[in-house]
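Each remark here refers to the structure printed beneath this line.
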Amino acid sequence: MPPAIDNDEPVMKDREYRWFAELVRSHCGISFGTDTRFLLERRIARRMRELGITSISAYQYELRNDSRRDGELAALIDEITTNETYFFREKSQLRALVGEILPEALVARRERGTGPVSVWSAGCSSGEEPYSIVILAREAGFDPERDLRVYASDISRRMMKRARSGTYREASFRETDPALRARYFEEKDGAWTVSDAVKKCVDFIHLNLMDRSRIALLGAMDVILCRNVMIYFDADTKREVIQTFEDKLRPGGHLLLGHSESLINVSSGLELRHLKNDLVYRKPVPGLLRPDPWHTAAIRAIGDVERSR
């Protein structure tokens, strides 16, 4: 059996731990430090038990020989990723998206004679976020099939399978109005499945945020949501991912991060925008005057205070 995880001894030697931590970080950006070492060790041990592998070196051999990185490494990433989400999470931000950003983007797109607004939910986990966007857009009077196209991605194949099925248990509805659940979901055997009218408006894509070549297959985006994902990245990975988002956003496009996240010391390429319902980041439009940096810093400080309440 793999080394015990319930005693006071480390599960693996320091050099072995560093090898696993660097493998995960280089592949998908998730960073494990000394304070989270036990989590990585425990999940590796669990994966080894599932495979019947009895030594760390044997499991390293298995990973080294996963040349395409879509076999055992993908299974390990499934094991170690955190997938805590639910419908209508951080409602103020979703209200800003549907009530302020989406109407603006639609006007701009129609003036240019282009198609629907493109929204990318990056790191969507089991799919509650993109489905929430479609539901709120419908509630606000938009036609999701005509007005927007929602793309949703995650690195976990297990989560992508669950998201595509659109079936959820009670925990996913902790912030859901019962009327919305009755309107957009069908209950069967204690589980709720999202309606086809909502499901068909979301394209799910298995995607690694570190894989720029695959991300390049996505078109330019009007809105990117990457909420509560970068808290698991180190500073260098955050800069790399944010640069990818900046490249994918159209001028005037918006980036929505989690309320505990900011771009301080990460990037200066996006400007902070103070909407009625929330604070968001926007890619500058060439030729338009950017906000004074001191003013932007003041707004950011105010936002940090508001979010801490």
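Highlighted here would be strands (runs of 3 or more DSSP E) found entirely within the stretch 202-292 that include at least 2 residues which are among the hydroxyl-bearing types (Ser, Thr, Tyr), in contact (Cβ under 8 Å) with a residue 12 or more places away in the chain and in contact with a Ser or Thr (Cβ under 9 Å, 6 or more places away or on another chain), but there are none. Taken over the stretch 53-92, the criterion of being in contact with an Asp or Glu (Cβ under 9 Å, 6 or more places away or on another chain) and among the aromatic types (Phe, Trp, Tyr) is satisfied by 59, 86, 87, 88.
Selection of the stretch 112-128 for residues being in a loop (DSSP other than H, G, I, E, B) and without any contact (Cβ under 8 Å) to a residue 40 or more places away in the chain yields 113, 114, 115, 116. Just one of the listed residues (139, 90, 100) is farther than 19 Å from residue 204 by Cα, among the charged types (D, E, K, R) and at pLDDT below 95, and it is 90.
In the set 241, 229, only one residue is surrounded by 14 or more Cβ atoms within 10 Å (Cβ to Cβ), at pLDDT below 95 and closer than 24 Å to residue 69 by Cβ; that residue is 229. Residues that are within 19 Å of residue 13 (Cβ to Cβ) and among the small types (Gly, Ala, Ser): does the stretch 57-80 have at least one? There is at least one residue in the stretch 57-80 that is within 19 Å of residue 13 (Cβ to Cβ) and among the small types (Gly, Ala, Ser). The single residue among 95, 109, 46 that is basic (Lys, Arg), free of Cβ contacts under 8 Å to residues at least 60 places away in the same chain and part of a helix (DSSP H, G or I) turns out to be 46. Looking at the stretch 140-194, the strands (runs of 3 or more DSSP E) lying wholly inside it that each contain 1 or more residues that are closer than 27 Å to residue 232 by Cα sit at 148-154.
Residues in the stretch 284-299: is at least one over 23 Å from residue 131 (Cβ atoms), modelled with pLDDT of 95 or more and either hydroxyl-bearing (Ser, Thr, Tyr) or not assigned by TED's automatic domain parsing to the domain that holds residue 115 (or both)? Looking for residues that are over 23 Å from residue 131 (Cβ atoms), modelled with pLDDT of 95 or more and either hydroxyl-bearing (Ser, Thr, Tyr) or not assigned by TED's automatic domain parsing to the domain that holds residue 115 (or both), one finds none in the stretch 284-299, hence no. Considering the conditions (1) surrounded by fewer than 23 Cβ atoms within 10 Å (Cβ to Cβ); (2) assigned to a helix (DSSP H, G or I); (3) not assigned by TED's automatic domain parsing to the domain that holds residue 149, residue 76 is excluded by exactly one of them, (1).
The values are calculated or read from the model by the stated rules, or taken from the named source; none is laboratory data. Because the structure is predicted, anything quoted here is derived from the model rather than measured. For neighbour counting, all protein chains shown are included, and Cβ atoms are generated from backbone atoms with ideal geometry for every residue, glycine included.
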